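A short worksheet on the structure shown next.
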Amino acid sequence: PRLRCLVQRLDSDESYEGASEASFKDAGVYDDAQRSNGSTSPENGIRKRRTTLPAPMFSRNNFSVWGILKKCIGLELSKITMPIVFNEPLSFLQRITEYMEHTYLINKACSLSDSIELHAYVWDRTGKPFNPLLGETYELTREDQGYRLISEQVSHHPPVSAFHAESLVGDFVFHGSIYPKLKFWGKSVEAEPKGTITLELLKHGEVYTWTNPFCCVHNVILGKLWIEQYGTVEILNHSTGDKCVLNFKPCGMFGKELHRVEGYIQDKSKKKLCVIYGKWTECMWSMDPQTYESNKKAEKKADSKKQKSPEEPEGVDGDDADNMPEVLETVAVIPGSTLLWRISSRPQHSAKMYNFTNFAMSLNELEPGMQATLAPTDCRLRPDIRAMENGDMDQASREKERLEEKQRSARKDRSKVEEEWSTRWFQSGTNPYTSSQDWLYTGGYFDRKYSDLPDIY
């Protein structure tokens with residue numbers, strides 16, 4: 001079973017400055033072929049996608065969100081309007097497409113690597129994607145990589161985004177719904193994940209489901225923004241009963257556990273098959289449980305000797321900002337470990353482009369002839385996102401306000417005649433593997449029959 005193998009590598013399009021090749025020298029490595037970096041070479045007959053944006057990122061240094069958030073401590077933030085300067089020029093539906101790309105599964109990797117990969121790409125991505133309008137859609141077809149995806153905003157309050165991706169040759173189906181419930185806690189914003197993710201590997205006759213860990217963005221008021229993930233993720237193979245349990249560790253008071261992940265894979269009889277460890281921002285390794293436990297005991301014994309005269313750590317002085325702990329070392333690799341996944345470098349100009357990957361920079365590109373075939377609800381056609389991407393922040397702000405008012409007006413009109421909103425490509429139903437509420441694709445999007453779609457822009 002693919003959950004047991006855990007030896008294939010997925011390369012992200014992100015980088016982590018603390019990574020060092022030297023830290024990998026003591027372990028065996030399985031290296032798959034380098035993946036496409038979100039663009040394709042002209043030699044294969046497919047047009048090369050863009051690897052930069054029309055305009056660089058707008059500076060946020062002179063803006064503060066305190067005036068907006070100070071009355072929202074402990075409250076759910078989905079109804080709060082934020083200044084557009086804190087956005088990035090992508091819809092949340094396009095972020096979901098990044099999720100799909102970083103869970104690239106065409107016979108290349110197992111679910112563990114996918115689960116880590118989808119979180120690594122958000123490292124240093126502190127811009128807020130645009131909230132999708134009700135009925136907004138996004139499609140992506142990548143013939144060079146063998147899949148296509150459709151997503152739809154199926155609910156506005158609460159905000160729920162549904163997606164369905166499938167292999168062009170029948171290898172897999174990947175679907176789910178995402179409801180990020182946000183809360184403001186004074187100096188940070190916490191995202192509580194809602195929704196189940198389902199992966200069906202049709203060639204292997206296996207089905208996996210999982211949910212996501214919590215995410216926290218620190219210093220939304222003062223200081224440098226930084227992200228941490230924490231919580232337990234369980235990836236269940238419904239076909240074999242195997243389970244992968246990953247513990248995304250919280251930073252802690254002194255930052256010792258920052259970005260660290262530990263977990264294991266067990267079979268249906270709860271026997272541990274291997275241990276997994278590393279950082280979701282850097283790399284993940286696996287090894288047999290007995291060797292791992294022996295190594296941990298030796299580490300604890302060595303640490304106890306060092307801590308006979310502990311010194312007060314620097315930087316824990318009650319500052320107003322939640323300073324991100326300095327990362328002093330990469331993952332300490334235990335000899336005999338196998339590399340599962342390692343993050344790769346971002347483009348050199350990424351910092352000026354909202355810390356986007358090459359793939360992210362291609363998502364909102366309106367290719368020649370595309371507008372004639374796209375659904376009129378596709379977020380590539382949103383004028384506020386397009387204006388921001390082009391560097392016109394004033395126009396983007398005006399368009400964002402106009403679209404939100406148009407959405408409110410449409411909702412009032414439906415209320416007057418007691419008309420319920422009807423989703424177009426997904427319907428509420430029951431996930432056949434978890435028996436939980438889910439949004440299921442009804443089909444038909446790629447038939448290109450869009451005459452009855454609403455005018456949302």
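Testing Asn364 on (1) in a helix (DSSP H, G or I); (2) open to solvent by less than 10 Å² (accessible area, probe 1.4 Å); (3) in contact with an Asp or Glu (Cβ under 8 Å, 6 or more places away or on another chain), one condition comes back false. Which one is that?
Asn364 satisfies all of (1) in a helix (DSSP H, G or I); (2) open to solvent by less than 10 Å² (accessible area, probe 1.4 Å); (3) in contact with an Asp or Glu (Cβ under 8 Å, 6 or more places away or on another chain) except (1).
Identify the residue in region 405-429 that is within 29 Å of the chain's Cα centre (by Cα) and open to solvent by less than 50 Å² (accessible area, probe 1.4 Å) and, among all such residues, is farthest from Phe446 (Cα to Cα).
Among residues in region 405-429 that are within 29 Å of the chain's Cα centre (by Cα) and open to solvent by less than 50 Å² (accessible area, probe 1.4 Å), the one farthest from Phe446 (Cα to Cα) is Gln407.
Working only within region 328-340, note down all residues that are modelled with pLDDT of 90 or more and surrounded by fewer than 23 Cβ atoms within 10 Å (Cβ to Cβ).
Hits for region 328-340 are Val333, Ile334, Pro335, Gly336, Thr338, Leu339.
For region 375-417, what are the residues that are among the aliphatic types (A, V, I, L, M) and either closer than 15 Å to Tyr138 by Cα or not in a helix (DSSP H, G or I) (or both)?
Ala375, Leu381, Ile385, Val417
It is to be established whether one or more residues within region 232-245 are open to solvent by less than 40 Å² (accessible area, probe 1.4 Å), within 27 Å of Pro159 (Cα to Cα), free of Cβ contacts under 8 Å to residues at least 60 places away in the same chain and out of contact with any Ser or Thr (no Cβ under 7 Å at 6 or more places or on another chain).
No; the residues of region 232-245 include none that is open to solvent by less than 40 Å² (accessible area, probe 1.4 Å), within 27 Å of Pro159 (Cα to Cα), free of Cβ contacts under 8 Å to residues at least 60 places away in the same chain and out of contact with any Ser or Thr (no Cβ under 7 Å at 6 or more places or on another chain).
Would you confirm whether any residue within region 64-86 is farther than 30 Å from Asn237 by Cβ, at pLDDT 90 or above and more than 13 Å from the chain's Cα centre (by Cα)?
Among the residues of region 64-86, not one is farther than 30 Å from Asn237 by Cβ, at pLDDT 90 or above and more than 13 Å from the chain's Cα centre (by Cα), which makes the answer no.
If a residue must be modelled with pLDDT of 70 or more and touching a Lys or Arg at 6+ places or on another chain (Cβ under 7 Å), how many such residues does region 273-324 contain?
Looking only at that region, the number is 4.
Here are some conditions: (1) at pLDDT below 90; (2) buried (at least 24 other Cβ atoms within 10 Å of the Cβ). Pro132 meets all but one. Which one does it not meet?
Here Pro132 clears every test but (1).
Identify the residue in region 142-158 that is open to solvent by 30 Å² or more (accessible area, probe 1.4 Å) and either within 17 Å of Asp438 (Cβ to Cβ) or not in a loop (DSSP other than H, G, I, E, B) (or both) and, among all such residues, is modelled with the lowest pLDDT.
For region 142-158, the residue satisfying everything is Pro158.
Inside region 244-267, can you point out the residues that are in a loop (DSSP other than H, G, I, E, B) and modelled with pLDDT of 95 or more?
Hit for region 244-267 is Asp267, nothing else.
Tell me which residues, restricted to region 341-381, are hydroxyl-bearing (Ser, Thr, Tyr) and at pLDDT below 90.
Answer for region 341-381, where residues must be hydroxyl-bearing (Ser, Thr, Tyr) and at pLDDT below 90: Ser344, Ser345, Thr357.
Residue by residue, here is whether (1) surrounded by 19 or more Cβ atoms within 10 Å (Cβ to Cβ); (2) touching a strand residue (DSSP E or B) at 6+ places or on another chain (Cβ under 6 Å); (3) assigned to a strand (DSSP E or B); (4) aliphatic (A, V, I, L, M) holds:
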| site | (1), (2), (3), (4) |
| --- | --- |
| Glu166 | yes, yes, yes, no |
| Gly170 | no, no, no, no |
| Lys183 | no, yes, yes, no |
| Val189 | yes, yes, yes, yes |
| Glu200 | yes, yes, yes, no |
| Lys203 | no, no, no, no |
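Hey, any hits in region 434-442 for a residue that's loosely packed, with under 15 Cβ neighbours inside 10 Å and over 25 Å from the mean Cα position of the chain (by Cα)?
No: zero hits.
Filter region 368-403 for residues that are touching a helix residue (DSSP H, G or I) at 6+ places or on another chain (Cβ under 9 Å) and of a type in the set (A, V, I, L, M) and give the result.
Matches in region 368-403: Met370, Leu374, Ala375, Ile385, Ala387, Met388, Met393, Ala396, Leu403.
Scan Tyr138, Tyr99 and give me the residue that is buried (at least 20 other Cβ atoms within 10 Å of the Cβ) and modelled with pLDDT under 80.
Only one candidate passes the filter, namely Tyr99.
Among the residues of region 259-267, is there at least one that is at positive phi and open to solvent by 50 Å² or more (accessible area, probe 1.4 Å)?
No; the residues of region 259-267 include none that is at positive phi and open to solvent by 50 Å² or more (accessible area, probe 1.4 Å).
Which residue out of Glu139, Glu152, Glu143, Glu190 is among the charged types (D, E, K, R) and over 30 Å from Gln407 (Cβ atoms)?
Glu143
Regarding Thr196, is this residue within 17 Å of the chain's Cα centre (by Cα), open to solvent by less than 40 Å² (accessible area, probe 1.4 Å) and of a type outside the set (A, V, I, L, M, F, W, C)?
Considered against the rule, which asks whether it is within 17 Å of the chain's Cα centre (by Cα), open to solvent by less than 40 Å² (accessible area, probe 1.4 Å) and of a type outside the set (A, V, I, L, M, F, W, C), Thr196 comes out as yes.
Residues of region 387-410 being basic (Lys, Arg) and in contact (Cβ under 8 Å) with a residue 60 or more places away in the chain, which ones?
If the condition is that a residue be basic (Lys, Arg) and in contact (Cβ under 8 Å) with a residue 60 or more places away in the chain, then Lys400 is the only one that fits.
For residues in region 270-303 being farther than 15 Å from Ile334 by Cβ and free of Cβ contacts under 8 Å to residues at least 24 places away in the same chain, which is most open to solvent (accessible area, probe 1.4 Å)?
Lys270
The values are calculated or read from the model by the stated rules, or taken from the named source; none is laboratory data. A quick note: this is a predicted structure, and the numbers were derived from the prediction, not measured. As a convention, Cβ positions derive from the backbone with ideal geometry for all residues, glycine included, and neighbour counts pool all protein chains shown. The accessibility values were calculated without ligands, DNA or RNA, using every heavy atom of the protein model including side chains. Shrake-Rupley method; radii C 1.70, N 1.55, O 1.52, S 1.80 Å.
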